[in-house]
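J.: What follows is a structure written as structure tokens; I'll ask about it next.
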Amino acid sequence: VYLRALVADVASSGDDQRTDPGELGDPQFDLVQSGWYWQITRLDSEKPQIRASRSLFATRLPKLAESGVPAGMGGARAGYGAGPDGRALRIVERQISVGDAGLYLIQVAATTEDLEAQIGRFEVSLAVAFVLLAAGLLATTAFQVSFGLRPLRRLESAVADIRRGAADRIDGDYPTEIAPLADELNLLVSANREVVERARTQVGNLAHALKTPLSVLINEAGGSDDPLAGKVREQTALMRDQVSFYLDRARAAARAGAIGAATEVGPALEALARTFRKIHRDREIVFPAAMPDLRFLGERQDFDDLVGNLLDNACKWAASKVELSLGLEPAAAGRSRLVVTIDDDGPGLAPDMRAEAMRRGRRLDETKPGSGLGLSIVADLSGAYGGALALEESPLGGLRAVLRLPAA
């Protein structure tokens, strides 16, 4: 920069005007042996004319051309030499011709320590500038991404509300790029509900079509003591139970596939408590004193069937007491599972018999009423919801049934 300023000054004024060091913008050129120097030498006169900064005082800068330093682009040279005080200098020089005004050698020099200090300060400033620039770019990018993804987060929340049963459809205004997706999701939810409703209707029609002929057969065979009639009654009753099981299973599977169904657990359990306390007056049936605010991610009828079958089984086998408790446990993907635990003080089951008890139609005691399908239905239906049924030993001495279901 200083060299270009001196070249411009000499080219414009020739030898008629001295260059004031103050115009170079650095007062160090005016301090004796400050480490910053400039020098202008006229080469084409018999006696070289020299102008120099005050910092050189009575000394002169060495010429790089005489030291064998080759010229670079534009005739400029750069190299090192000894300064007035013996310190190493970084020297830059250039030879220019100003026509009739003569031939000049212009030199600017500074100590290597000063140059390295300035370079270090420049590098620090540059690093700080780059860090600030990078921080600004990162902050701007983060803001843009956050702002751009905000509609997608709203859409995600709306879909989660539908899955939990808190909403029936996606509402709200969305950008033009996302609005078609929201509309398609609403159509998908509606189509799912229509499919489930048609499945329910078809299963109901099938149940009516099958149960009526079976009831006729049972009634016709009921009035006869003939062994054949007894066999017909036995087999038709078995057929009716099997038909009921598979129809219930198909109906439950259709309901489990519905999107957005959710059931308040408290009111459902209160209704079950009233029913079973009336049916089993000789049993002490204990429910939670205060019903927790929990929700089952599924149909109310399925929840009644699941818990009702387990309560019915416990009341049949209990000596005097049945106890129900509720809880939540963490599950995969940040979701929770509803845990329904039912204990009885009956005879219980040996570990090797518990899996057998959940087999379809398996009755471990023929003296107890029923078709043997209750636990099997609970296991199948809870599995359709992504849950599970486990049988364990109860602290009351009998059997503990642990039912895990998705929580809304």
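No value in this document is a laboratory result; all are computed from the given coordinates. Just so we're clear, the structure is a prediction, and the values are computed from it rather than from any experiment. Note that each Cβ is placed from the backbone with ideal geometry, even for glycine, and that neighbours are counted across all protein chains shown.
J.: Under 5 Å between amide H atoms, partner at least 5 residues away or on a different chain: which partners does residue 167 have, H built in plane at 1.01 Å?
T.: When sequence neighbours closer than 5 places are left aside, the close amide H contacts are 162.
J.: How tilted is helix 265-279 with respect to the longest principal axis of the chain? Cα atoms for both, answer in degrees (0 to 90, nearest 10).
T.: For 265-279 against the chain, the angle is about 10 degrees.
J.: Which Rg and Dmax, in Å, describe the Cα atoms of the chain?
T.: Radius of gyration, then largest Cα-Cα span, for the chain: 48.0, 152 Å.
J.: Using Cα-Cα distances under 8 Å and only pairs 6 or more residues apart, what relative contact order does the chain have, in percent?
T.: Dividing the mean separation by the residue count of the chain yields 10 percent.
J.: Same structure, new question: Tally Lys/Arg at +1 and Asp/Glu at -1 over every other residue whose Cβ is under 11 Å from the Cβ of residue 279; what's the total? Spell out each step's value before the answer.
T.: Values: positive: 274, 277, 278, 281, 283, 316; negative: 282, 312.
Taking every Cβ under 11 Å from that of residue 279, the sum is +4.
J.: Based on alpha-carbon centroids, what's the gap between segment 139-157 and segment 279-312 in Å, whole number please?
T.: The two parts, judged by their Cα centres, are 43 Å apart.
J.: Can you find, among 148, 97, 215, the residue farthest towards the positive end of the dipole of segment 78-218? Put +1 on the C-beta of Lys and Arg, -1 on that of Asp and Glu.
T.: 215
J.: Using every Cα-Cα pair within segment 263-406, state what percent have a distance larger than 20 Å.
T.: Values: 4563 of 10296 pairs.
Roughly 44 percent, rounded to a whole number.
J.: Okay, next question. With point charges of +1 on the Cβ of Lys and Arg and -1 on the Cβ of Asp and Glu, referenced to the Cα centre of the chain, which listed residue (262, 133, 235) lies farthest in the positive direction of the dipole?
T.: 235
J.: Helix-only mean residue ellipticity at 222 nm, the chain, DSSP H runs n ≥ 4 weighted -39,500 (n - 2.57), per residue, nearest 500. What is it?
T.: Calculated at 222 nm, the ellipticity per residue is -16500 deg cm²/dmol.
J.: Can you tell me how segment 2-112 classifies by the Cα gyration tensor, rounded, prolate or oblate, using a/c under 1.5 as the rounded cut?
T.: oblate
J.: Compute the angle between helix 227-256 and the longest alpha-carbon principal axis of the chain, please, reported from 0 to 90 degrees and rounded to the nearest 10.
T.: 20 degrees
J.: If I build a Gaussian network model for the chain, linking alpha-carbon pairs within less than 10 angstrom, which residue out of 283, 87, 359 has the largest mean-square fluctuation?
T.: Looking only at 283, 87, 359, the biggest GNM fluctuation is shown by 87.
J.: Using amide H atoms built in the peptide plane, which far-off residues or other-chain residues are under 5 Å from residue 286 H to H?
T.: Here the answer is 322, 323, 324, since their amide H atoms fall under 5 Å of that of residue 286.
J.: What's the angle, to the nearest 10 degrees (0 to 90), between helix 374-384's Cα axis and the longest principal axis of the chain?
T.: Computed tilt is about 20 degrees.
J.: Name the residue, out of 130, 287, 57, whose mean-square fluctuation peaks in a Gaussian network model built on the chain with Cα pairs under 10 Å.
T.: Ranking 130, 287, 57 by mean-square fluctuation puts 57 first.
J.: Something else now. Can you tally the net charge around residue 158? Count Lys and Arg as +1, Asp and Glu as -1, for every other residue whose Cβ sits under 9 Å from the Cβ of residue 158. Walk me through the numbers on the way to the answer.
T.: Details: positive: 154, 169; negative: 156, 161, 171.
Net of charged neighbours comes to -1.
J.: If amide H atoms are built 1.01 Å from N in the plane of the peptide, which residues on other chains or at least 5 residues away come under 5 Å of the amide H of residue 346?
T.: Hits under the 5 Å cutoff: 319, 398, 399.
J.: Using a Gaussian network for the chain with springs between C-alpha atoms less than 10 Å apart, which of these wobbles most: 392, 123, 66?
T.: Highest fluctuation among the options: 66.
J.: In addition: If you put +1 on each Lys and Arg Cβ and -1 on each Asp and Glu Cβ, how big is the dipole of the chain around its Cα centre, in Debye rounded to 20?
T.: On the way: 48 positive and 55 negative charges, 157 e Å.
Charge dipole of the chain: 760 debye, to the nearest 20.
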